[in-house]
Amino acid sequence: MDSLTRNILDGSPLPLIFMLTGPNAIAFTIQAFVNLAEIWLIGTLGTAALAAIALSFPFAILIQTMSLGALGGGVSSAVARALGEDDRMRANKVLWHAIYLGIAIAGILLILFLFLGQLALSAMGGEGAILDAALGYCTILFLGGTLLWLSSLISAIFRGAGDMAYPSRIMIIASVLQVPLTALFIFGAFGLPALGVPGAALSNVVTSAGIAMAMVLRIKSGKCLVGFRKTCMALDASVFKEILKVSLPATLNPILNVAVILFLTALVGRFGASALAGFGIGTRIEYVVLPIMFAFGTAATTLVGTNIGAGNYRRAETMGWNAALCASLVCGVIGVVLALSTNLWVPLFTSDLIAASVTISYIQIVGPAFALYAIGLVLYFASQGAAAMKWPIRAQIIRSFLVVSAAWTAVNIFGMGTLSIFVVSTMSFAVYAGVVSGAVYLGAWDPKKVMKSRVLSF
């Protein structure tokens, strides 16, 4: 057994959590600021362009959360458990099967978007130039979907093996290059046409291609615990089953999450293009914090999965709880700081007074609740490592029903405004965290699948 895996099984929890979280947190945060730079660049095109990005955002986040969070989590979990069992050959099989799944899913989503994409964007309130720009952005995103999926899934292989540093370095380099590339494609230069809003999507696809290529070359060099072994290429139903037993239920989480975002986007869109633009800025700011939750979450997947594979169930539990509480502290502080400093950063993205007001309201209400959302989301990732997704999915179903029903009632029955929508979103974070953490506390990861009370040790 390699030294890294041994350290995951025997090392002190908190140093391990921050060792594995640190590289991802830095890389994901830089990527989030790249997304903000993208919003700033698009904002120079006007409020309509910002509204187009708000319309496109649910589809972009669908690809990101499904590839990184759902299927990526299943891949990382399978690799971690295989290495915890000291079965390197099975980990190699997971690599090939992750690639097969990524290509297949990207193809399916492309077909669905080509048939239903314009209809969905129109249903969310898109029309005229806003609809055209959003449709162009999403079309490029889905056409390049294979590259987006492969970059996430091959990175998940490294993270499942406990190597957070290399994919993080590559992501940082790609992020630094993505900003000027986005500007180039949006505004045009050096003989390239000005693509406007769709140019931002093209930049994303190009950088994802670079990330995927760097990952492949690293694996082929033999510097990863998992490798491209020809003997492991053959389709194996048991490997698909191992990945999908975590990924399939986990897929429901981003689908429901995106469905909620689609619903809220359509609801906010009733209040006009400026309100929609402000909501789009607010959700993008939220996704500066979400990557930090993802960083703690991916670390938790590896730590929990490896220890579960080795039969260390109690240690796996301790790892999951510590990761969730650390994420809650960090993200809660960031959320409060963002809420208290809106006058400093909101003017950077828009001069539209209505859009600015909506953004401020969103962050001031939702921001402090990031502490609660972090607990639920990190325990969701940790549950992937434990291959115990029942309760996280139930929590997401409950949260989705609460948001949709309460927000619709507030706007359509009581005639309330965007503020009520944001309050409902905040309440849903608390419900989600409560259900997931309660389930884990009562024994959702227990190998006997029996819910029972216990005293947790940290």
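Worth a mention:
- Taking packing as the residue-averaged number of other Cβ atoms within 10 angstrom, the listed peptides 216-229, 96-109 run from highest to lowest as 96-109, 216-229.
- Computed [θ] at 222 nm, deg cm²/dmol, the chain (DSSP H ≥ 4; -39,500 (n - 2.57); rounded to nearest 500): -27500 deg cm²/dmol
- Whole-number D in µm²/s for the stretch 337-404 (Stokes-Einstein; Kirkwood sum over Cα pairs; 37 °C, 0.692 mPa s): 230
- Overall form of the stretch 72-218 per C-alpha gyration tensor (a/c, 1.5; a/b vs b/c): oblate
- Taking one quarter of the surface of the C-alpha convex hull of the chain gives a mean projected area of 20.8 nm².
- Only Cα pairs under 8 Å and 6+ residues apart enter the sum, and on that basis the relative contact order of the chain stands at 23 percent.
- Each of the peptides 121-128, 407-414, 157-164, 199-206 was scored by the mean count of other Cβ atoms within 10 Å over its residues; in descending order, highest first, they stand as 157-164, 199-206, 121-128, 407-414.
- Those aspartates and glutamates that a straight Cα-Cα span of less than 15 Å connects to K245, excepting residues fewer than 8 apart in one chain: D236
- In the stretch 241-309, one over the average inverse separation of all distinct C-alpha pairs is 14.6 Å, which is the Kirkwood hydrodynamic radius.
The numbers here are math on the coordinates, done by the rules we state, and not lab data. Keep in mind that this is a model prediction, so the values were computed, not measured. Every residue, glycine among them, receives a Cβ derived from its backbone with ideal geometry; neighbour counts consider all protein chains shown.
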